[in-house]
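Structure first, commentary second.
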Amino acid sequence: METVKKCSDKSFVYLSMLWLIEGIVVGFGAILPGVSGGALCVAFGMYRPIIETVNGLREGIKKNGKMLGIFIIGVIIGFVGLSKLASWLLEKNAVVITCMFVGFILGTIPELWHDSGEKGRNRNSYISMILGFLVMMVILILLKTSFSLNISPGISGYLLCGALWGLSFIVPGLSSSSLLLFFGLYQPMLEGISSFNFAVLIPLLFGLIICVLLLSKGVGYAYKKYYSAVSHGVLGIIVATAIMIVPLSDDINIAVKGIFIIIGAVISYIMTRICDSLRNKTSQP
């Protein structure tokens, strides 16, 4: 019995490290234009626990508290701590970095397909998946072809930034960074985050929290009432997102893009398999 407990404790340490890494990837990815933090949360299996915890704080913390606590620390590290690195990488080679994140999303699709079928599949499930895919494709195409609209940086502008971040976490596949580029707020926001400017960070955080609190209850209810249809719809959204964020620039050979997408997919697939294995070990009595 003691050996099993030691094995379980060791597995939890490894699992915690993976949660932290996943959080860093989500926080870092959320900064990149075209990449959705919500899509990455879904991909790494954190979306539903977040929604559950926001909707029922006491039960959610009891069930998911340790996991989400470690994950959120990782998100903060990736979002705030690596913002300068994100800015530098985007200047050096945004195409390669985006391809890696496309791979991260694609590598988790087998696990997402399995999870979405937990309560069975029916005709509505497939219809929802197709609709989710088509609607997100239309939205992202419209965003890519939209004209920029500049909004002056300031408290109201950074509140909007936070609200868009929150929206991108609640609506998987929606990239807040892309929207902020259209509004002309992306660069000043990134500079404010990297310099730890509280005039930027405080309204940003406030807008994010308000948006998540307002929208999460509806999403949580939908999951409880229509799990199969909602989870398949989200899966369709994720696939559309992965397709639409693939860089079309001719600066880099398509084979090189493919290599980095495959690398990202292999890494995320291995991470999800390891997480499943460690969760099984830590759940042993």
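The values are calculated or read from the model by the stated rules, or taken from the named source; none is laboratory data. Owing to the predicted nature of the structure, the values given are computational and were not obtained by experimental measurement. All Cβ positions, even for glycine, are placed from backbone atoms using ideal geometry, and neighbour counts span all protein chains on display. Calculation scope for accessible area: heavy atoms of the full protein, side chains included, ligands and nucleic acids excluded. Shrake-Rupley method; radii C 1.70, N 1.55, O 1.52, S 1.80 Å.
Structural remarks
- Taken together, the residues in segment 66-118 that are without any contact (Cβ under 8 Å) to a residue 12 or more places away in the chain and among the aromatic types (F, W, Y) amount to 1.
- Among the criteria (1) at pLDDT 85 or above; (2) under 23 Å from G78 (Cα atoms), the one Y226 does not fulfil is (2).
- Near pairs, Cβ below 8 angstrom, 6+ apart or cross-chain, from segment 229-250 (farther than 20 Å from A265 by Cα and open to solvent by 30 Å² or more (accessible area, probe 1.4 Å)) to any residue that is assigned to a helix (DSSP H, G or I) and among the aromatic types (F, W, Y): V230/Y223
- Counted residues, segment 110-120 - those being open to solvent by 80 Å² or more (accessible area, probe 1.4 Å) and in a loop (DSSP other than H, G, I, E, B): 2
- Candidate set from segment 148-185 (those that are modelled with pLDDT of 75 or more and open to solvent by less than 10 Å² (accessible area, probe 1.4 Å)); member that is farthest from I245 (Cα to Cα): G157
- Index of the failed condition, I61 passing every other in (1) β-branched (V, I, T); (2) more than 24 Å from L235 (Cβ to Cβ); (3) within 17 Å of the chain's Cα centre (by Cα): (3)
- Selection within segment 61-109: residues that are crowded, with 17+ Cβ neighbours inside 10 Å and of a type in the set (F, W, Y). The member of this set that is modelled with the lowest pLDDT is F101.
- In segment 171-195, the residues that are within 20 Å of G236 (Cα to Cα) reach residues that are among the aromatic types (F, W, Y) and modelled with pLDDT of 75 or more with C-beta atoms within less than 7 angstrom, at least six apart or across chains, in these pairs: P172/Y47; S176/W165.
- Meets criteria (under 19 Å from the mean Cα position of the chain (by Cα), crowded, with 18+ Cβ neighbours inside 10 Å and modelled with pLDDT of 80 or more) for V219: no
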